[in-house]
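Scroll down for the structure; my scribbles are underneath it.
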Amino acid sequence: MRGFRRRHWRADTAYDRVVGGPGGLRPAVAFLVPLGLLLMVWAVVVALFQVPARVFPSVGEVALAGVQSLSDGSLLHHTGQSLLRVLVGTVLAIAVSVPLGVAMSVSRVASAVLTPLFRFFSVLAGIAWIPIATLWFGYGFGAITFVIFNAVFFIVTYNTLLGVASIPLPLRYAAASLGAGPWRMLTEVLLPGALPNVVTGIRTGMGYAWRGLIAAEMIATNAGLGYMLFLARDFYRTEVILLGMIVIGALWLMIDRLLLAPVERATIERWGMVRRVG
Amino acid sequence: MKNLIIRGLSKTYLDPYAGAHVTAIADVSLEVVQGEFVSIVGPSGCGKSTLLNMIAGFIPPSRGEILLDGRSVKGPGPDRGVVFQSFALFPWKTVLGNVTFGPKMRGVPREERERIGREYLGLVGLAGAAGRYPAELSGGMQQRVGVARALANSPDLLLMDEPFASVDAQTRMTLQEELTRIWQERRPTILFVTHDVEEAVFLANRVIVLSSAPGRVLAELPVPLPRPRVWAPLVEDRDFKALVARVLGMVRPA
Amino acid sequence: MARALRLLGLTLRWAAAHPGLSSFAPFVPILALWALLAASGLFPAVFFPGPMEVLRVFGTLMYKGVLPDYLEDSVIRLAVGAAAGMALGIPLGVLVGVSRRAHRLGWPVLLFFQAIGDIAWLPILLIWFGFGLGTMTFVIVYTVLFPVVLNTVLGVRSVPLELTRAAQSLGAPRFHILLEVIVPGALPNIVTGLRNGLGYGWRALIAAEMIVGTSGIGFLMFDARRAGQVTEILLGMIVLGLLWYFVDGWLLVPLERATVERWGLVAR
């Protein structure tokens, strides 16, 4: 009976997790139906109360803006710019921070000294860097990529440090007594052991990076989704703003749920490593 | 008399993984008389916890009926106290807060319910731990709180679901002896579920043996051993050993 | 290099002797390195001022009263936003967590609105409310709200079934189960949500102050950027970092320690 209950409970939460992730048609439907309902409420409310387009656009107007911006290529241009910046900034940051984090964690002294430091900077990550980034790099690609790099870099390094520190000592002893040298220790124990934390760090960091991106694009560039929104504001084009918001939300939902969450689940849950609360 | 009467009880549920219906309990009938101490013993997976959960009202039966004091069981209620294997103490309440939870729900005024709480904590030997949090206690102490909490509500029937399965062997023996002492002092009606045959025989006046899945009643055996029951002499006792061997033979047919 | 290592060793020993200061000790060599780099003239001083310069500006702005005023504005905005976000978020989260139907309908919508993110709301908020307090408040409440709601839902659904059953069989009515079992059981997640929410919330605040603000630390930094005052930008960043350190260390960590850790809900 205990087994039954537990499996039952597991199945229940598994349902929630699958909703929003890949895994068959039914979860996708369960996820999209409420959003469809929301769309209907929007259509009905705007029509019923005759909300002026300057306050809130109708579904049709937003759809029209979507078609127009797709056909003149501007939506793809802005989206592509945003995604490119996120991609470059994130990949650079991960490429630097994971080796750096592991290297630092090997030395007890280095990790003791640097952990609070990286904690401090991971607190600053993202938006707070915009002013100085624009001063150092000028407006444009460099400044924005720098902001994204920062958002991911400090948090991932900090989490890698934590991850290596959280590997149980007996595990290291076991590997050493089985004859693992320093290199094997690194690739077979330290890296995989830190991986769940690294992945969690990437997920958190990219969350901040994505928001930082939108803010930076509003301030410091002439392309990208954030810029598209802010430009539309100047002309009171609420339908373009709404379109941009929906694209931003949908993109992040896909990045987070289809890319990051499954990876996190694969490492943490498959290995049975329970993440600490917090 | 506040007796428990169970007639033709069955439970079938859908296994979400196998995609098939599984029968956990098949046509069980039994009676527990007020003041009795009855053990239900059976192999792992025989549905004995399912049976207990139905009596507690946590899950509905598929067929059959459960009557307590002549009334049909419709859901969980304070007339049936439950002691869980996982203790299920509220971590955010102190020991006293846990034990007085039932009386508080009944609207007993603060002073009165704290007096009740301290009385039952004294009964399980934890008078000094009233202000501590469950996480600060050992497993054995936590389950004593669990027993005191269920008893403080003065239930007509105490349901115990393998309550000592997650404490260490020495503590378990102490708790078993204490439970028989408490039963002799207060005479609560107890239905005790376990897979441990020695435990079932040691504690009860009557042992009900369930078969493996689906669970059916194989036998009902009276336990005519004298009380108070203490492990030290009893493990050597011939009657005790014979009874245990007989039940074991039914639970694990060769 | 050898000197730097000696300095490191000295600070470590000093930190070991004063455990309360140990989390500040690592910043000493960094400060020294920063001062050294700035003094070396490797970068133009306009772009890369030294710590003394920042300290001097700190003194000036404190003396003029600009910094305390702006800090107060930012902190009050964050506090009001966080309070409102919690007051809305916890009941909503409990509702969505407890009710199957509300969960099925609400969860995807919540995830979607969380994904849109606070900053993306700025343009339309500016059209609705203009450059004012309404915009700022909305952004912060919005940012704090979603992590609190989502984590409360997770927390409610992670309360062990046995605890609810125990309360039921002790005769607790539904409302009491909610109040005495579900909410405290979800508390670890609620605290996590609050932490995440504040983390996102004050970033959103900074962005909002940069883009629409007329006061606050974000405004200070962006105003300095317009004037090319790197020193003030750095000061702003340091103030922000310290502010979060204190909010986290003096407010959130003690709160967690007094409840969740004492109850043994998190193994530390």
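Data for the structure
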item: Scan of segment B:139-166 for residues that are surrounded by 20 or more Cβ atoms within 10 Å (Cβ to Cβ) and of a type in the set (D, E, K, R), ordered by number; result: B:Arg144, B:Arg149, B:Asp161, B:Glu162
item: Residues of segment B:1-41 satisfying the condition of being part of a loop (DSSP other than H, G, I, E, B) and open to solvent by 50 Å² or more (accessible area, probe 1.4 Å); result: B:Met1, B:Lys2, B:Pro16, B:Tyr17, B:Ala18, B:Gly19, B:Val33, B:Gln34
item: So A:Val113, is it closer than 12 Å to A:Ala151 by Cβ, in a helix (DSSP H, G or I) and within 14 Å of chain C (Cβ to nearest Cβ); result: no
item: Hits in segment C:211-222 - residues which are facing chain A (nearest Cβ under 9 Å), modelled with pLDDT of 85 or more and out of contact with any Ser or Thr (no Cβ under 8 Å at 6 or more places or on another chain); result: C:Met221, C:Phe222
item: Of all residues in segment C:153-178 being among the charged types (D, E, K, R) and open to solvent by less than 60 Å² (accessible area, probe 1.4 Å), the one that is nearest to C:Val96 (Cα to Cα); result: C:Arg157
item: Hey, A:Leu39 open to solvent by 40 Å² or more (accessible area, probe 1.4 Å), assigned to a helix (DSSP H, G or I) and either in contact (Cβ under 8 Å) with a residue 24 or more places away in the chain or closer than 28 Å to A:Phe235 by Cβ (or both) or not; result: yes
item: Cβ-Cβ under 8 Å pairs, at least 6 apart or on other chains, segment C:231-256 side more than 9 Å from every other protein chain (Cβ to nearest Cβ), far side open to solvent by less than 30 Å² (accessible area, probe 1.4 Å) and of a type in the set (D, E, K, R); result: none
item: C:Ala83 vs. criteria open to solvent by 20 Å² or more (accessible area, probe 1.4 Å) and part of a helix (DSSP H, G or I); result: yes
item: Residue in segment B:102-121 that is hydroxyl-bearing (Ser, Thr, Tyr) and at the interface with chain C (Cβ under 9 Å from one of its Cβ atoms) present; result: no
item: Breaking point among (1) open to solvent by 10 Å² or more (accessible area, probe 1.4 Å); (2) in contact (Cβ under 8 Å) with a residue 60 or more places away in the chain; (3) more than 9 Å from chain A (Cβ to nearest Cβ), for C:Gly197; result: (1)
item: Strands (runs of 3 or more DSSP E) lying entirely in segment B:167-245 (those with 1 or more residues that are of a type in the set (Asp, Glu), open to solvent by 10 Å² or more (accessible area, probe 1.4 Å) and touching a strand residue (DSSP E or B) at 6+ places or on another chain (Cβ under 8 Å)); result: B:217-222
item: Residue check for A:Phe120: of a type in the set (Phe, Trp, Tyr) and away from every other protein chain (no Cβ under 13 Å); result: no
item: Test result for A:Phe31, farther than 18 Å from A:Ala250 by Cβ and either assigned to a helix (DSSP H, G or I) or in contact with a Ser or Thr (Cβ under 8 Å, 6 or more places away or on another chain) (or both); result: no
item: Yes/no for A:Ser69 being at pLDDT 90 or above and either in the same structural domain as A:Trp183 (by TED's automatic domain parsing) or over 16 Å from A:Ile246 (Cα atoms) (or both); result: no
item: Among (1) in contact (Cβ under 8 Å) with a residue 40 or more places away in the chain; (2) buried (at least 19 other Cβ atoms within 10 Å of the Cβ); (3) within 14 Å of chain A (Cβ to nearest Cβ); (4) among the aliphatic types (A, V, I, L, M), the one test that C:Leu61 misses; result: (3)
item: Unique match (being outside any loop (DSSP other than H, G, I, E, B) and in contact with a helix residue (DSSP H, G or I) (Cβ under 7 Å, 6 or more places away or on another chain)) among B:Gly128, B:Gly81, B:Gly97; result: B:Gly81
item: When residues of segment A:245-254 are limited to those that are facing chain C (nearest Cβ under 9 Å) and touching a residue at least 60 places away in the same chain (Cβ under 8 Å), the one farthest from the chain's Cα centre (by Cα); result: A:Ile246
item: Hits in segment C:216-244 - residues which are open to solvent by 10 Å² or more (accessible area, probe 1.4 Å), touching a Pro at 6+ places or on another chain (Cβ under 8 Å) and not polar (S, T, N, Q); result: C:Phe222, C:Arg225, C:Leu234
item: Conditions (1) within 30 Å of C:Phe112 (Cα to Cα); (2) within 14 Å of chain B (Cβ to nearest Cβ); number of the one not met by C:Arg157; result: (2)
item: Residue in segment C:94-114 that is outside any loop (DSSP other than H, G, I, E, B), open to solvent by less than 50 Å² (accessible area, probe 1.4 Å), away from chain A (no Cβ under 14 Å) and modelled with pLDDT of 90 or more present; result: yes
item: Residue match in segment C:123-142 (condition: in contact with a Gly (Cβ under 6 Å, 6 or more places away or on another chain), surrounded by 21 or more Cβ atoms within 10 Å (Cβ to Cβ) and more than 14 Å from chain A (Cβ to nearest Cβ)); result: yes
item: Number of positions in segment B:61-82 that are at the interface with chain C (Cβ under 9 Å from one of its Cβ atoms), within 22 Å of B:Val33 (Cβ to Cβ) and open to solvent by less than 50 Å² (accessible area, probe 1.4 Å); result: 5
item: Residue within segment B:7-17 that is of a type in the set (A, V, I, L, M, F, W, C) and in the same structural domain as B:Pro222 (by TED's automatic domain parsing) present; result: yes
item: Only one of A:Thr221, A:Thr187, A:Thr200, A:Thr204 that is facing chain C (nearest Cβ under 10 Å) and open to solvent by 20 Å² or more (accessible area, probe 1.4 Å); result: A:Thr204
item: Matching entry among A:Leu64, A:Leu39, A:Leu76, A:Leu87 (being of a type outside the set (D, E, K, R) and modelled with pLDDT under 90); result: A:Leu39
item: Which numbered condition B:Ala129 fails, given (1) over 28 Å from C:Ala186 (Cβ atoms); (2) more than 11 Å from every other protein chain (Cβ to nearest Cβ); (3) surrounded by fewer than 22 Cβ atoms within 10 Å (Cβ to Cβ); result: (1)
item: All positions within segment A:131-154 that are in a helix (DSSP H, G or I) and open to solvent by 10 Å² or more (accessible area, probe 1.4 Å); result: A:Leu135, A:Trp136, A:Phe137, A:Phe141, A:Gly142, A:Thr145, A:Phe146, A:Phe149, A:Phe153, A:Phe154
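The values are calculated or read from the model by the stated rules, or taken from the named source; none is laboratory data. In this text the structure is predicted, and so the values were computed from the model without any measurement. No Cβ is skipped: glycine too gets one built from the backbone with ideal geometry, and neighbour counts run over all protein chains shown. For the accessible areas, the whole protein counts, side chains as well, though only heavy atoms, and no ligand, DNA or RNA atoms are used. Shrake-Rupley method; radii C 1.70, N 1.55, O 1.52, S 1.80 Å.
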